[in-house]
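One structure is given below, encoded as structure tokens.
The values are calculated or read from the model by the stated rules, or taken from the named source; none is laboratory data. As the structure is a prediction and not an experimental result, all values here were calculated from the model. Counting neighbours? That spans all protein chains shown, and the Cβs are built from the backbone with ideal geometry, glycine included.
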Amino acid sequence: MADGSYIKFDAKELATLGAAFKVADLPAWKALNKELRKIITPIANQVKDAALALPSSGDRRFGPGLRGGIAAAVEVKMSTTRKKGAFARIRVSGTKFMKASGITNPRLPRYMEGLSKKPWRHPVWADKGKNGGKWEGRWTVQASHPYLVPTGISRKDEVRDKMATVFNEALANQLNKSTKS
């Protein structure tokens, strides 16, 4: 589900299975988390590739630039809890974006995705030969280029099916352990 500046692959329909894990031991939870991370990490890598493939008309003068900063800031957040079941979220961290790109506005990834209510505006600088490269006082609206939501949404059904398989296998293993003891 697309929500804000991240995609959340939610396993609410698997919450009942999560309830069966309330008695699960810590190694079972770690194994479940590891399997879920294997499912989500390739999608996060595709989001990074999509960010790097965004159109660019300018030249990079310092650091990795906007696209490289977005790619460096893509992160996976996972949680497997006994109360809520499991979820995985792919997001772009504004703090990591600023550190990686050297750009001081942490909202630029949201603007690029098109998730902001306001348009993304930026100043237009003069050429070096004209006015010595000084600002002419003009602003332009930058078009958004979604990279996060389309990449994640295209794989949502596949992720849901894989998560269900992982949960079913983990549940079967947990039931086998509890019947043996």
> So how many residues does region 73-88 have that are crowded, with 21+ Cβ neighbours inside 10 Å, modelled with pLDDT of 90 or more and not β-branched (V, I, T)?
Replying inline: 1
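Could you tell me whether any residue of region 63-72 is within 30 Å of E169 (Cβ to Cβ), surrounded by fewer than 21 Cβ atoms within 10 Å (Cβ to Cβ) and at pLDDT 80 or above?
no
For R91, are the conditions met, namely being modelled with pLDDT of 75 or more and touching an Asp or Glu at 6+ places or on another chain (Cβ under 9 Å)?
yes
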>> Take the conditions more than 15 Å from the chain's Cα centre (by Cα), under 20 Å from R160 (Cα atoms) and at pLDDT 80 or above and apply them to K30. Does it pass?
In response: no
>> If I filter region 120-146 down to residues being within 26 Å of A50 (Cα to Cα) and surrounded by 12 or more Cβ atoms within 10 Å (Cβ to Cβ), which single residue comes out as modelled with the lowest pLDDT?
In response: H122
